[in-house]
Structures are given as C-alpha cells and as structure tokens.
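The values are calculated or read from the model by the stated rules, or taken from the named source; none is laboratory data. This is a predicted model, so every value here is computed, not measured. Note that we place each Cβ from the backbone using ideal geometry, even for glycine, and neighbour counts take in every protein chain shown.
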Amino acid sequence: MNMLLLIIGMGVITYVTRVVPFFSLNINRLPVSVQQALQLIPYAALGALLLPGALRSPPDAWFGMLGLCIAFLIAFTGGRFTAIICGTIGLLSLAAFFIY
Amino acid sequence: MSNTAALEHSWTTGLTQGLPIAAGYVPAALGFGLLGANSGLSIFETALMSIIIFSGAAQYMAIGLITAGAGLYSIWISTFLINIRHLLMSASAKQSLFSDSKWKQAVLAFGLTDEVFALISSRRNKTTVFFGIGVFLAAYISWVAFSCAGYYFGAFFPDYLQISMDFALYALFAALLFPAILKYRMALYTAGLSAAINTFLGIWLSSGWAIPAAMAASVIIIVYVSSFKQKKGGQP
C-alpha cells in the first residue's frame with residue numbers, strides 16, 4: 001500500500017469533516033432522522049472500536065477487562081478525558097508491574 | 001473590547017487553557033508512536049500521520065487496520081465514518097465563536113479535535129477564533145512531539161509501561177465514550193449494539209469492514225426503533 005497516499009487521503013477526509021460546517025453545511029436543515037443518526041454515529045464508532053478490540057489487546061483479555069473497568073470507574077466518579085487516559089494507563093502500569 | 005477582555009480571548013490564553021488537553025495527549029501520543037514503531041511504520045510515516053491527520057481515533061484505527069491487512073479504500077471509508085462526528089462538532093463550535101475571517105476559521109477547523117471542541121464549547125461565553133487557535137496549538141504540539149518521542153523512546157520503556165501503553169488506544173476511546181454513555185441513554189444503546197454487532201461480524205469479516213458495517217447497522221436500527229417508539233407515543 002502507498003503509505004503517503006493513505007496518510008494524505010486520511011488528512012484530507014478528516015479536514016473536510018472539520019471545515020465544511022464552518023462554510024456550507026447547515027445541520028438544522030437536514031431531516032430530523034438524519035440529524036439523529038449523525039449524533040449517534042460517534043458512539044457507534046467508539047463502541048465498535050472498543051469491543052472486541054480492547055479484550056484482544058496484548059497480553060490477554062483479563063488485562064483488557066481491567067483497563068476498561070478502571071476507565072469506567074474514573075468516568076463514573078466524574079473524571080473527564082485527561083483523568084481517564086492518564087489514570088487508566090497509570091493504574092494499568094502499576095498492575096502490569098506486579099503481575100507480569 | 002477592554003484590555004482585560006482582549007487578554008481573556010487572546011491566543012496565548014488559549015494556549016494556557018489548552019495545557020490540560022496537551023497533558024491528556026501525552027500517554028495517547030506516546031502510545032501511538034510506540035504502536036507505529038511496533039507495526040513497522042517509519043518515523044517519517046508515524047510523524048506525518050500526527051502532523052497531517054491530527055485525529056487520535058482515526059490514526060489508531062488506521063494502524064490497526066493496516067496490520068490487519070485492510071486496503072486503502074476501507075481505511076479511507078472508516079476514517080470518514082469515524083470522523084463524521086466532526087461535522088456536528090464544527091457546526092456547534094461555530095456557534096460558540098465570534099465571527100471572524102474565513103482563513104482564520106479554516107485554520108482553527110484543522111485543529112478541532114474532540115477535546116479542543118469540548119473546551120471551546122464548554123465556555124460560558126462566546127470566544128474568539130484566535131483563542132481557539134491557541135488551544136489547538138497546545139494540543140497539536142503535544143500530539144506531534146510525543147508521537148515522535150513514543151516512536152524513538154517507546155522501546156526503552158520498561159516492560160510494564162510498554163504493556164499498558166499498548167492499551168493507550170483503548171483508554172483514548174474509553175475516555176471519549178464513557179462520559180457520554182453515563183449521560184445519554186441513546187449513546188449507551190448505540191455503542192452497546194455497535195460493539196455487539198462488531199463482535200458478531202468479526203467472526204466472518206475483517207475488522208476493516210466489520211467496524212463500518214457495525215456502525216451503520218447499529219445507527220440505522222437505533223434511529224428506526226426510536227422513531228417507531230415516538231410514533232407510538234412512548235418516550236424517545
């Protein structure tokens with residue numbers, strides 16, 4: 001595969017989704033069902049990206065499960081983006097230090 | 001605008017307020033660089049992805065799909081699908097900003113990641129495009145610099161850190177998803193259904209096609225079911 005073409009194409013696609021609403025797209029004019037679908041797509045994307053991938057990540061499914069539980073607990077106690085990432089990686093490192 | 005108001009909306013203030021995002025990107029970017037190195041990408045390719053794409057979810061997904069042997073088009077389609085959310089975010093961010101020249105808006109649009117968007121739109125008052133560009137720069141510098149650092153130094157990390165860095169990708173996805181599913185029931189249903197369909201389809205399809213198929217199927221089902229419920233007079 002041509003990596004340069006892949007990367008530039010991905011960059012253009014990402015930029016288009018970020019820049020188009022500034023200049024032309026009026027979301028409010030789309031049908032309600034399309035608006036609703038657009039709102040749900042990110043969650044569908046993240047759900048599919050998270051599972052089953054997180055459980056197949058090395059070293060094993062238990063480690064992945066632990067990571068998901070830690071992330072969920074931090075989110076549940078009110079942690080936001082930075083706290084969830086740093087907290088999850090920090091606690092997982094600690095777990096890996098003792099287990100592996 | 002008075003001097004203090006001008007200062008509140010300056011790009012340097014944006015840069016300072018963007019520091020928490022920059023900090024949150026450190027493990028995710030280190031993990032991305034390490035993943036790039038472990039997946040056989042060159043430093044040039046890894047750095048270029050962070051410089052040109054600047055989308056953690058898309059970049060991580062792309063490396064996963066490359067190693068799974070996916071083709072160019074399936075990666076591009078997945079990139080578009082995972083980034084459709086930005087259409088809504090940019091449309092919403094536009095409402096939080098004072099109008100400004102087109103080229104400045106076009107610059108800010110490049111840097112409107114989920115986190116930059118969240119910071120701009122969670123402010124109580126409207127702000128300037130320049131403030132947004134400051135936030136974007138803080139996030140961008142951290143993302144690019146630590147992607148490169150992860151590529152070069154990831155291999156020197158102790159084993160326990162490398163093991164947990166492998167999980168940084170999923171920590172990033174979880175950090176984006178979990179606060180949302182705790183707040184919106186529809187997000188929970190959609191993400192859960194999509195994950196279930198993806199797990200099921202993954203038995204036969206490569207993840208390059210299972211993920212977009214699961215996304216489309218779950219969204220269509222949820223929108224259809226909720227419209228049916230609304231017609232019946234139930235709660236949406």
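So the values come out like this:
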{"quantity": "Looking only at segment A:75-91, and only at residues there that are of a type outside the set (A, V, I, L, M, F, W, C) and in a helix (DSSP H, G or I), the one that is nearest to A:F63 (Cα to Cα)", "calculated": "A:T88"}
{"quantity": "Considering residues of segment A:66-86 that are modelled with pLDDT of 90 or more and under 24 Å from B:S39 (Cα atoms) only, the residue farthest from the other protein chains (Cβ to nearest Cβ)", "calculated": "A:L68"}
{"quantity": "Breaking point among (1) closer than 22 Å to B:I21 by Cβ; (2) in contact with a Gly (Cβ under 7 Å, 6 or more places away or on another chain), for A:G67", "calculated": "(2)"}
{"quantity": "Subset of segment B:1-26 [at pLDDT below 85 and within 13 Å of chain A (Cβ to nearest Cβ)]", "calculated": "B:P20, B:G24"}
{"quantity": "For B:D100: the one exception among (1) crowded, with 21+ Cβ neighbours inside 10 Å; (2) over 18 Å from the mean Cα position of the chain (by Cα); (3) not in a helix (DSSP H, G or I)", "calculated": "(1)"}
{"quantity": "Any chance B:L65 is over 24 Å from A:Y15 (Cα atoms) and touching a helix residue (DSSP H, G or I) at 6+ places or on another chain (Cβ under 8 Å)", "calculated": "no"}
{"quantity": "Selection within segment B:53-75 - aliphatic (A, V, I, L, M) and either surrounded by fewer than 18 Cβ atoms within 10 Å (Cβ to Cβ) or in contact with a strand residue (DSSP E or B) (Cβ under 8 Å, 6 or more places away or on another chain) (or both)", "calculated": "B:A68, B:L72"}
{"quantity": "Condition met for B:M215 (within 15 Å of B:L81 (Cα to Cα) and facing chain A (nearest Cβ under 8 Å))", "calculated": "yes"}
{"quantity": "Only one of B:S147, B:S218 that is surrounded by 21 or more Cβ atoms within 10 Å (Cβ to Cβ) and under 19 Å from the mean Cα position of the chain (by Cα)", "calculated": "B:S147"}
{"quantity": "Residues that are within 7 Å of another protein chain (Cβ to nearest Cβ), of a type in the set (S, T, N, Q) and either within 20 Å of the chain's Cα centre (by Cα) or not in a helix (DSSP H, G or I) (or both), drawn from segment A:6-65", "calculated": "A:T14, A:T17, A:Q36, A:Q39, A:S57"}
{"quantity": "Criterion: closer than 26 Å to A:P31 by Cα, out of contact with any His (no Cβ under 6 Å at 6 or more places or on another chain) and part of a helix (DSSP H, G or I) - qualifying residue of B:A216, B:A139", "calculated": "B:A216"}
{"quantity": "All positions within segment B:179-198 that are touching a Phe, Trp or Tyr at 6+ places or on another chain (Cβ under 9 Å) and buried (at least 24 other Cβ atoms within 10 Å of the Cβ)", "calculated": "B:T190, B:A191, B:S194"}
{"quantity": "Odd one out for B:N125, checked against (1) out of contact with any strand residue (DSSP E or B) (no Cβ under 9 Å at 6 or more places or on another chain); (2) more than 10 Å from chain A (Cβ to nearest Cβ); (3) in a helix (DSSP H, G or I)", "calculated": "(3)"}
{"quantity": "Residue that is modelled with the highest pLDDT [pool: residues in segment A:23-53 that are crowded, with 20+ Cβ neighbours inside 10 Å and under 30 Å from B:D100 (Cβ atoms)]", "calculated": "A:I41"}
{"quantity": "Matching residues, segment B:81-98, being more than 9 Å from every other protein chain (Cβ to nearest Cβ) and at pLDDT below 85", "calculated": "B:Q95, B:S96"}
{"quantity": "Hey, A:A96 at the interface with chain B (Cβ under 8 Å from one of its Cβ atoms), aliphatic (A, V, I, L, M) and within 16 Å of B:I163 (Cβ to Cβ) or not", "calculated": "yes"}
{"quantity": "Hey, B:S78 more than 8 Å from chain A (Cβ to nearest Cβ), among the hydroxyl-bearing types (S, T, Y), buried (at least 18 other Cβ atoms within 10 Å of the Cβ) and under 18 Å from the mean Cα position of the chain (by Cα) or not", "calculated": "yes"}
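Yes or no, residue by residue, for (1) touching a residue at least 12 places away in the same chain (Cβ under 8 Å); (2) assigned to a helix (DSSP H, G or I); (3) out of contact with any helix residue (DSSP H, G or I) (no Cβ under 9 Å at 6 or more places or on another chain):
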site	(1), (2), (3)
B:A23	yes, yes, no
B:P27	yes, yes, no
B:G69	yes, no, no
B:W76	no, yes, no
B:K94	no, yes, no
